1. Could you check region 29-54 and list, in sequence order, the residues that are assigned to a loop (DSSP other than H, G, I, E, B) and farther than 9 Å from H110 by Cβ?
2. Take I19 and tell me if it is crowded, with 17+ Cβ neighbours inside 10 Å, among the β-branched types (V, I, T) and either more than 22 Å from F168 (Cβ to Cβ) or not assigned by TED's automatic domain parsing to the domain that holds G115 (or both).
3. Condition (residue is in a loop (DSSP other than H, G, I, E, B) and farther than 19 Å from H166 by Cβ) applied to region 10-25: is it met by at least one residue?
4. Within the group V51, V18, V72, V64, which residue is in contact with a strand residue (DSSP E or B) (Cβ under 9 Å, 6 or more places away or on another chain) and among the hydrophobic types (A, V, I, L, M, F, W, C)?
5. Here are the criteria: (1) in contact (Cβ under 8 Å) with a residue 12 or more places away in the chain; (2) in a helix (DSSP H, G or I). Tell me which single one H58 does not satisfy.
6. Hey, among L120, L155, which residue is within 30 Å of D34 (Cα to Cα) and either basic (K, R) or touching a residue at least 40 places away in the same chain (Cβ under 8 Å) (or both)?
7. Take G119 and tell me if it is modelled with pLDDT under 95 and surrounded by 23 or more Cβ atoms within 10 Å (Cβ to Cβ).
8. Just a yes or no: is a residue in region 143-152 among the β-branched types (V, I, T) and modelled with pLDDT of 95 or more?
Amino acid sequence: MNKNTSLHKSFYTVSLFVILLWLIKAWQTYYSIDLYQLGVKPLTFSGLIGVITGPLIHGSWEHVLGNSLPLVLLGGFLKYGYPRSHWWAIAIIWLLSGLGVWLFGRDSYHFGASGLTHGLFFYLFIAGILRRDKRSSVLLMIAFYMYGSMVMTILPREQGISFEYHLFGAMAGFLSAIVFRKWDPKLKEKTYSWQQDDDSEDLIGDEWQSDSLNESTEIMTDENKDSND
């Protein structure tokens, strides 16, 4: 299996999932079906189904639209930068965010993919800090530049928005980044020609010093002979 996934393929794969979200919303709108029962309902047995189905359901077109671009970008970055761990990370973020809402959320139906987007962001953020290789650091900076405000949206801000999904998604992403920080190989550092030239120059310099030392030793020996004569 080829672990070197291109960025283009990564975005394409995640886009298929986003298309699925749009198809579900279109089907829901066309047949006037309300799917809020498929969300997470805290501390109810029937609400457990939302742990699986909650991220697939959205309350409005604005809701699904607001989650689409972050899913494509952050999900694409995750798949590209972490080819070995990304599926495990997504599964953990998906399940733990829903379970956290089920255990500690407000008494209401919680749904939407925003918990997933927050988990993806925090995974990229924490993994970049822990790993410190070039690729992880670049993905960290891009993710933070585009969606750094997610650090604040894990707190309650607006009525009707499930900050619990944001919070537990972020916590799941944080945990996943720690667990999987060593799963993916780091890119090999490239060696440039000028670096090799520097090494050769150092060798020449050492030889020059050695030759100079030998010459000075010979001079000292000649002087000693002259003095003895």
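1. Those that are assigned to a loop (DSSP other than H, G, I, E, B) and farther than 9 Å from H110 by Cβ: Y31, S32, I33, D34, L35, L43, T44, F45.
2. Considered against the rule, which asks whether it is crowded, with 17+ Cβ neighbours inside 10 Å, among the β-branched types (V, I, T) and either more than 22 Å from F168 (Cβ to Cβ) or not assigned by TED's automatic domain parsing to the domain that holds G115 (or both), I19 comes out as no.
3. Among the residues of region 10-25, not one is in a loop (DSSP other than H, G, I, E, B) and farther than 19 Å from H166 by Cβ, which makes the answer no.
4. Being in contact with a strand residue (DSSP E or B) (Cβ under 9 Å, 6 or more places away or on another chain) and among the hydrophobic types (A, V, I, L, M, F, W, C) holds for just one of V51, V18, V72, V64, which is V51.
5. (2)
6. Step by step, each of L120, L155 is checked, and only L120 is within 30 Å of D34 (Cα to Cα) and either basic (K, R) or touching a residue at least 40 places away in the same chain (Cβ under 8 Å) (or both).
7. For G119, the condition - modelled with pLDDT under 95 and surrounded by 23 or more Cβ atoms within 10 Å (Cβ to Cβ) - is not met.
8. Taking every residue of region 143-152 in turn, none turns out to be among the β-branched types (V, I, T) and modelled with pLDDT of 95 or more.
The values are calculated or read from the model by the stated rules, or taken from the named source; none is laboratory data. This structure is a prediction, so every number in the text was calculated from the model and none was measured. All Cβ positions, glycine included, derive from the backbone under ideal geometry; neighbour counts span all protein chains shown.
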